[in-house]
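The values are calculated or read from the model by the stated rules, or taken from the named source; none is laboratory data. Since the model is a prediction, treat every value here as computed from it, not as a measurement. Every residue, glycine as well, gets a Cβ built from its backbone with ideal geometry; the counts of neighbours run over all protein chains shown.
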Amino acid sequence: MTPEPWRRLARQEARLAGDATVAGVDEAGRGPLAGPVVAAAVVLERGGTWAGLDDSKKLAPERREQLYARVLAEARAFAWAVVGPRAIDRMNIRRASLEAMRRAVARLAVAPALVLVDGDAEIPGLAVPQCPLVSGDARVLSIAAASVVAKVVRDRIMDRLDRVWPQYGFARHKGYGTAEHLAALEVHGPCALHRYSFAPVAEIRLPL
């Protein structure tokens with residue numbers, strides 16, 4: 001019988017971590033045309049049972065919310081950080097995502113001995129040993145937990161900002177380039193929440 005995803009993730013993390021205190025780090029929001037990129041860092045207690053925990057992209061929104069609440073209640077430490085659209089425009093989205101990850105790790109109340117990073121790049125300026133892992137959110141338990149936290153935080157931000165700019169439908173598409181979003185951009189032009197450096201926005205943006 002195939003083991004539950006969380007058991008597979010936990011075994012892989014244990015192999016990588018040894019006896020070290022590990023933080024998993026992930027981000028949400030690299031692809032959207034609007035809104036911030038959000039990164040989260042999570043240190044889980046060893047030996048915990050995290051039934052249902054998996055890469056956040058594989059989870060229904062209701063399940064993500066349940067796991068988010070549990071991570072906040074039971075993790076040894078957690079933190080998140082936000083980098084907004086103007087900083088994304090200045091840095092580019094890759095650098096902004098890594099900067100959000102660096103800030104999230106720096107805010108942890110428990111200092112990790114090892115940071116496991118989702119993706120193929122190390123976090124610049126991090127004074128802790130780190131290991132990038134492609135598809136880490138599907139391979140390591142603490143990264144999966146961080147992916148859930150980052151996704152839920154970002155979705156909540158977009159839900160709130162939908163009240164400020166309801167004409168774009170941010171609560172429904174979270175800033176991604178859906179047909180609905182692109183149509184709204186054509187009608188209304190971009191707002192302050194949009195990433196002006198992203199091509200679909202830059203093509204529509206009116207001169208200042």
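Below are the figures for this structure:
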| item | result |
| --- | --- |
| Qualifying residue in region 6-21 (condition: among the hydrophobic types (A, V, I, L, M, F, W, C), in contact (Cβ under 8 Å) with a residue 24 or more places away in the chain and closer than 30 Å to residue 185 by Cβ) | no |
| Pairs, first more than 27 Å from residue 110 (Cβ to Cβ) and in contact (Cβ under 8 Å) with a residue 40 or more places away in the chain in region 78-100, second of a type in the set (Val, Ile, Thr) and buried (at least 24 other Cβ atoms within 10 Å of the Cβ), C-beta under 7 Å, six or more apart | 88/37; 93/37 |
| Test: residue in region 171-185 that is within 22 Å of residue 41 (Cα to Cα) and out of contact with any His (no Cβ under 9 Å at 6 or more places or on another chain) | yes |
| Identity of the residue in region 1-30, within 20 Å of residue 68 (Cβ to Cβ) and surrounded by fewer than 16 Cβ atoms within 10 Å (Cβ to Cβ), that ends up modelled with the highest pLDDT | 30 |
| Single residue of 184, 179, 171 found to be at pLDDT 95 or above, within 18 Å of the chain's Cα centre (by Cα), farther than 20 Å from residue 87 by Cα and outside the structural domain of residue 25 (by TED's automatic domain parsing) | 171 |
| Any hit, region 21-40, residues being more than 19 Å from the chain's Cα centre (by Cα), of a type in the set (D, E, K, R) and more than 12 Å from residue 143 (Cα to Cα) | no |
| Verdict on residue 110 being in a loop (DSSP other than H, G, I, E, B), more than 15 Å from the chain's Cα centre (by Cα) and in contact (Cβ under 8 Å) with a residue 60 or more places away in the chain | yes |
| Subset tally (residues that are under 13 Å from residue 26 (Cα atoms) and either in contact with a Lys or Arg (Cβ under 7 Å, 6 or more places away or on another chain) or not in a loop (DSSP other than H, G, I, E, B) (or both)) for region 113-129 | 5 |
| Hey, residue 100 aliphatic (A, V, I, L, M), surrounded by 24 or more Cβ atoms within 10 Å (Cβ to Cβ) and not in a strand (DSSP E or B) or not | yes |
